[in-house]
Structures are given as C-alpha cells and as structure tokens.
Amino acid sequence: MMGASKQNIGGKLTFWSLISGQESKNIVIPPIQRDYTYGSQTAETDKVLNNMLDNIRKSLYDVNEPEMTMNFVYGYTEEDVNYVPLDGQQRLTTLFLIHYYAALNNVSGDFDTLRKFTYATRETTKNYCVDILQNHQEILDYSAKTKNISSAIKNMPWYLPSFDNDPSIRSMQVAMERIEQKFHEVKDSLWNKLVSEDCPVNFYKLDFGPFGLSDDL
C-alpha cells in the first residue's frame, strides 16, 4: 500500500473525530474529484442515499442495530494541514451535510469546526459550503417559516443563480431535503449522537502520507 504504515491505516474514525481534536486536519475535496452525486435523483443514487440515511439512523437510535462502518476512506496529507480524499468523497460529503443539519438544530452545534470541510472541485461548490456555514442562523430562522432547510438556503440573498448550474450543489440541496425528512423527528438529539465518543457511524481512514500528489494523479 505504497509504504503506508499501520499507524496511517489506524482504527475506525467518525466524521467528527476526523475534523476535530488536536490531530485533526482540514478535509479538502480536490479538483480532480467528480461531482457529489448522491442527490442526483437517479434510481441508483436515490437507493444509495436513502439506504445510507436509513442505516445511519438505525445505527444511531436502534440499540439492537450494529455499528455502521463505511469501509475505507483513502487519501493523502497535504503539507500536514489538509487531508485530501481520493476515495470516499460521496460518503464524507453526506456525513458533512448530516452534521450540518444536526448543528442547525442544537445550540451546541459547532460550525467553526465544520468549516474545516471544504470543496475545491469548483469555486461555486466551495462558496456554497462556506455560505451555508457562515449564514446558518439566517437559514434556521427562515426555515422556521418554510419548514424546509433546502428551500431556506435557496431563498437566501447570497444564493447565486450560478449555484443552480453546479451539479454538486443541486445534489447537496436534494440530499439536505432527504436528511431533513429522515431525521426531523430526532433532530434535537442528533448532534450529541454524532459527536459522542461512542458514535457507531464510522469508517477506516487510509492516509498515504505527505507524498505531494498532484492533481495529475
């Protein structure tokens, strides 16, 4: 495995443990990655997204349900600051959106830490992720009227027409709707479940180290 050490392979990690704590790094989805597709509304992606969300909820709330381990996330360390996933983008993005929804509905929601997740695939995708975190209170206030987080985001004054032309953003908007549908009834407790040390939703992280891999990979 390209000389990766056992320490780099490590044990199971939750999304929150990956981006928080002393050893955490920024997660940067690199330009070489494809668009976020779990919300693209094809028959296949609908099945994948719905199954993933259903299984996450069961793992978090059903005491008889086993932990949910999402296989490996592969990537490399960039200047010891950023962790750049080469495989696992779809899962990490979905987990980011679930954590974002949970943070909106909990006074302890840590948006500063969630800002460590960034998109570099397009400038519009990057700006969208920055904007929904920066304007979280306005989005929450507006959604109290619409009862729909995705609709609230789209009605923000900073939501640009160019966002609608970005397939990743369109997909994230759909995923946000599904997340709200699946987790609305448990939204008040969701954040604490996700950030707890014994959160059962996890994955293995494989870090190839600071190899300086370029976008030409």
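The values are calculated or read from the model by the stated rules, or taken from the named source; none is laboratory data. Fair warning: this is a prediction, and the values are worked out from it, not measured in the lab. Neighbour counts are summed over all protein chains in view; Cβ atoms, including those assigned to glycine, are modelled from backbone coordinates with ideal geometry. Heads up: the accessible areas ignore ligands, DNA and RNA and are worked out on the full protein's heavy atoms, side chains in. Shrake-Rupley method; radii C 1.70, N 1.55, O 1.52, S 1.80 Å.
Thinking of the chain as a set of Cα atoms, what percent of all their pairs are more than 22 Å apart?
Within the chain, distances greater than 22 Å cover 49 percent of Cα pairs.
Sorted by packing (mean other beta-carbon atoms within 10 Å per residue), highest first, where do 11-22, 174-185, 88-99 land?
Going from most to least packed, we get 88-99, 174-185, 11-22.
Can you give the convex hull volume of the alpha carbon atoms of region 1-121 per residue, in Å³?
Output value, Cα hull per residue: 143 Å³.
In region 3-88, carbon and sulfur make up what percent of the accessible area (probe 1.4 Å)?
The computed percentage sits at 45.
³J(HN,Hα) across region 50-56 via Karplus (A = 6.51, B = -1.76, C = 1.60, θ = phi - 60°), whole Hz, x for Gly/Pro?
So the Karplus estimates, Gly and Pro as x, are 4, 5, 4, 5, 4, 5, 5 Hz.
Could you compute the FRET efficiency for Ala120 and Asn165, with r as their C-beta to C-beta distance and R0 at 25 Å, rounded to 0.05?
About 0.90, to the nearest 0.05.
Distance in nm between label sites at Gln22 and Trp158, each 7 Å beyond Cα in the beta-carbon direction?
About 3.3 nm separates the two model spin labels.
If you average the sequence gap of Cα pairs under 8 Å that are 6 or more apart and divide by the length of the chain, what percent do you get for the contact order?
Normalised by residue count, the contact order of the chain is 40 percent.
Taking the alpha-carbon set of region 111-217, what are its Rg and Dmax in Å?
Here Rg and the maximum Cα pair distance are 16.3, 49 Å.
Using only the alpha-carbon atoms of region 37-94 as identical scatterers, what base-10 log of I(q)/I(0) does the Debye formula give at q = 0.13, 0.20 Å⁻¹?
Summing over Cα pairs of region 37-94 leads to -0.46, -0.85.
What share of the DSSP beta bridges in the chain is antiparallel, in percent to the nearest 5?
Restricted to the chain, the bridges split so that about 40 percent are antiparallel.
Quick one: how many lysine pairs in region 1-126 have C-alpha atoms under 30 angstrom apart, if they're 8 or more apart or on different chains?
Lysine pairs, 8 or more places apart or on different chains, close enough: 15.
How far apart, in nm, are the 7 Å Cα→Cβ label points at Asn71 and Gln134?
The modelled label-to-label distance comes out at 3.6 nm.
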